[in-house]
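A short write-up of the structure that comes next.
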Amino acid sequence: MAQEDVFKKLVSHCKEYGFVFPSSEIYDGLGAVYDYGQNGVELKNNIKQYWWQSMVLLHDNIVGIDSAIFMHPTIWKASGHVDAFNDPLIDNRDSKKRYRADVLIEDQIAKYDEKINKEVAKAAKKYGEAFNEQEFRSTNARVLEHQAKRDALHERYTQAMNAGPDLNELRQIILDEEIVCPISGTKNWTEVRQFNLMFSTEMGSTADGAMKVYLRPETAQGIFVNYLNVQKTGRMKIPFGIAQIGKAFRNEIVARQFIFRMREFEQMEMQFFVKPGTELDWFKKWKEIRLRWHKALGFGDDHYRYHDHEKLAHYANAATDIEFLMPFGFKEVEGIHSRTNFDLSQHEKFSGKSIKYFDPEINESYTPYVIETSIGVDRMFLSVMSAAYCEEKLENGETRVVLKLPAALAPVKLAVMPLVKKDGLPEKAREIMNDLKFHFHCQYDEKDSIGKRYRRQDAIGTPYCVTVDHQTLEDNCVTLRNRDTMEQTRVPVAELNNIIADKVSITSLLKTLQ
Ligand code: GAP
């Protein structure tokens, strides 16, 4: 199945099974804003718990906070977001549609890549086993021509972005490449302008002199401005970290690929404060720790790669992304940044307050350096869903859709089902559920045939199903079905908790990280 189709199926699966709904759907939706349904919220909460516990429980030098979304507007001046958190935008005069100039150019680069890949795929089909891809790529005239155009464009684009960006040059590239508006099909473009991504609103009544405030575009600044509070009240010694999970807002112009790029989303960020000069060692450590966290989910190491940044923000001295293989290619899920002492120094400068750390080991005060790990909950959710979504052909010729979610993240851990709705089986099933519901999330289901009920649970990724039958009333044993193997075993009711609890707990997942 083409990856595009997989993605479409995933999006409709998310809706059909109560994972993700378009926001305000009965009013035709709101662009790039989504709601999480009954199963989505459980999966999302489990992802957040996995992250939070891996930070705060497993590291005795990391603590959490929950700062407000609204913050003093000067914070965003200090952090550079007011002046520089911009996207270069261009309008098409005919369709009146607005685009990100950088995205139009990146799409054009991707088109050259596509052309090259098509030539390679065609030749691979033609020559079969004898095909030498490397040789073909380095000798075929058409491939070389596309490659040369692609590389020249990439070089020109990189230079334009590095120069500020150079807005005139970005426009010129769009004209020279003859990029057309996908709606009107014309090249009738306006100038390129910078557009700030922060949402703003007014705080207080106008009569009192309302203050313009922003909806935070990242949670990190809430950590920076609380650095001293936490360090002092928690008597924290460097190195130490502060973790936070919370909403962030960006007025994304090109919002696409479902929950990959949203206007309201959630971040899980951790700022790790270190002694200047040690930051690159810590950067390396956090790169490894974070990749291990991802890989522990068991989707396969080939689903991940680092993307080290060549172009660094002026305040960073190292940065990398952890990319995940989504149905639309490798994409950033998490950023790990060595942010020097930029943010704390800026807040010192703008607030006029000292944010220094007195280091008793060297008898000196300094502004700590920071390693940041920043992951989007929604992107993580998308990566988990896309890796878990599976269509399997069964022996009887039917197809089952199954979400092979890591058991610890699954919204429902166990479904309890009476074989029939009579003869005391529902009561027995309820009794089992009433006992187990204190240990993990269970669901009771008595409607339809047992086969249909299994399919429903497969579709939401429930790792275990228990069936209560007439025999259960006699021997107090049930049939336990495994989602992935579909194997069924007979087990005593009294052992259910022992068998399941460990396998579905976040604690077990966390233990694999040690
Ligand atoms: N404090 C650093 C920071 O915010 P970022 O690379 O802009 O860095 C970090 O964002 C992570 O937040 C990204 O790796 C991504 O997972 C998530 N993220 C950023 N913008 C997003 C958006 N519009 N929709 C969904 N997730 C987003």
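Of 175, 170, all but one fail to be outside any loop (DSSP other than H, G, I, E, B), of a type in the set (A, V, I, L, M, F, W, C) and either loosely packed, with under 13 Cβ neighbours inside 10 Å or without any contact (Cβ under 8 Å) to a residue 40 or more places away in the chain (or both); the exception is 175. For segment 283-330, the candidate set comprises residues that are without any contact (Cβ under 8 Å) to a residue 24 or more places away in the chain, touching a Lys or Arg at 6+ places or on another chain (Cβ under 7 Å) and surrounded by 17 or more Cβ atoms within 10 Å (Cβ to Cβ); within that set, the residue that is farthest from residue 504 (Cα to Cα) is 323. Here residue 401 fits the description: closer than 27 Å to residue 9 by Cα, β-branched (Val, Ile, Thr) and in contact with a strand residue (DSSP E or B) (Cβ under 6 Å, 6 or more places away or on another chain).
Taking the numbered list (1) of a type in the set (S, T, N, Q); (2) more than 14 Å from the ligand (Cβ to nearest atom); (3) without any contact (Cβ under 8 Å) to a residue 60 or more places away in the chain in turn, residue 251 passes all entries but (2). Contact map, segment 368-387: residues that are within 13 Å of residue 11 (Cα to Cα) paired with residues that are of a type in the set (S, T, N, Q) and within 10 Å of the ligand (Cβ to nearest atom), Cβ distance under 9 Å, separation 6+ or inter-chain. Pairs shown: 382/257. Residue 370: at pLDDT 95 or above, in contact with an Asp or Glu (Cβ under 6 Å, 6 or more places away or on another chain) and in a strand (DSSP E or B), yes or no? Against the criterion (at pLDDT 95 or above, in contact with an Asp or Glu (Cβ under 6 Å, 6 or more places away or on another chain) and in a strand (DSSP E or B)), residue 370 does not qualify.
Considering each of 78, 124, 130 in turn, give the residue that is at negative phi and surrounded by 17 or more Cβ atoms within 10 Å (Cβ to Cβ).
78
Criterion applied to 489, 485 was being over 35 Å from the mean Cα position of the chain (by Cα) and over 17 Å from residue 408 (Cβ atoms), and the one residue passing it is 489. Within 10 Å of the ligand (Cβ to nearest atom) and within 30 Å of residue 362 (Cβ to Cβ), is that true of residue 223? For residue 223, the condition - within 10 Å of the ligand (Cβ to nearest atom) and within 30 Å of residue 362 (Cβ to Cβ) - is met. Checking each residue in segment 267-282 for being more than 8 Å from the ligand (Cβ to nearest atom) and touching a helix residue (DSSP H, G or I) at 6+ places or on another chain (Cβ under 8 Å) picks out 268, 270, 271, 272, 273, 274. When 94, 83, 102 are checked against the criterion of being charged (D, E, K, R) and in a loop (DSSP other than H, G, I, E, B), a single residue qualifies: 94.
So which residues in segment 404-436 are part of a loop (DSSP other than H, G, I, E, B) and under 25 Å from residue 388 (Cα atoms), if there are any at all? 404, 405, 406, 407, 408, 409, 410, 411, 412, 413 - these are the residues of segment 404-436 that are part of a loop (DSSP other than H, G, I, E, B) and under 25 Å from residue 388 (Cα atoms). Considering only residues that are among the hydrophobic types (A, V, I, L, M, F, W, C) and closer than 24 Å to residue 45 by Cα, look in segment 454-505 and name the one that is surrounded by the fewest Cβ atoms within 10 Å (Cβ to Cβ). Here the residue is 499. Is segment 146-164 home to any residue that is part of a helix (DSSP H, G or I), aromatic (Phe, Trp, Tyr) and within 16 Å of residue 102 (Cβ to Cβ)? Within segment 146-164 (the criterion being part of a helix (DSSP H, G or I), aromatic (Phe, Trp, Tyr) and within 16 Å of residue 102 (Cβ to Cβ)), the answer is yes, since at least one residue qualifies. The set of residues from segment 307-329 being modelled with pLDDT of 95 or more, out of contact with any Ser or Thr (no Cβ under 8 Å at 6 or more places or on another chain) and away from the ligand (no atom under 13 Å from the Cβ) comprises just one member, 325. For residue 339, state whether it is touching a strand residue (DSSP E or B) at 6+ places or on another chain (Cβ under 6 Å) and either of a type in the set (A, V, I, L, M, F, W, C) or more than 12 Å from the ligand (Cβ to nearest atom) (or both). Spelling it out, it is not the case that residue 339 is touching a strand residue (DSSP E or B) at 6+ places or on another chain (Cβ under 6 Å) and either of a type in the set (A, V, I, L, M, F, W, C) or more than 12 Å from the ligand (Cβ to nearest atom) (or both). Which residues, taken from segment 392-418, are touching a His at 6+ places or on another chain (Cβ under 9 Å), buried (at least 21 other Cβ atoms within 10 Å of the Cβ) and of a type in the set (A, V, I, L, M, F, W, C)? Result: 403, 410, 412, 414.
Considering only residues that are of a type in the set (Ser, Thr, Tyr) and over 30 Å from the mean Cα position of the chain (by Cα), look in segment 189-222 and name the one that is surrounded by the most Cβ atoms within 10 Å (Cβ to Cβ). Ranking the candidates gives 190 first.
Looking only at segment 373-393, residues that are small (Gly, Ala, Ser) and assigned to a helix (DSSP H, G or I) come to 4 in all.
Residue-by-condition table, conditions (1) among the aromatic types (Phe, Trp, Tyr); (2) in contact with a strand residue (DSSP E or B) (Cβ under 6 Å, 6 or more places away or on another chain):
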{"residue": "316", "(1), (2)": "no, yes"}
{"residue": "319", "(1), (2)": "no, yes"}
{"residue": "381", "(1), (2)": "yes, no"}
{"residue": "397", "(1), (2)": "no, no"}
{"residue": "407", "(1), (2)": "no, no"}
{"residue": "411", "(1), (2)": "no, no"}
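For the condition among the aliphatic types (A, V, I, L, M), buried (at least 21 other Cβ atoms within 10 Å of the Cβ) and at pLDDT 95 or above, what is the one hit in 11, 33, 56, 20? It is 20.
The values are calculated or read from the model by the stated rules, or taken from the named source; none is laboratory data. All values derive from a computational prediction rather than experimental measurement. Every residue, glycine as well, gets a Cβ built from its backbone with ideal geometry; the counts of neighbours run over all protein chains shown.
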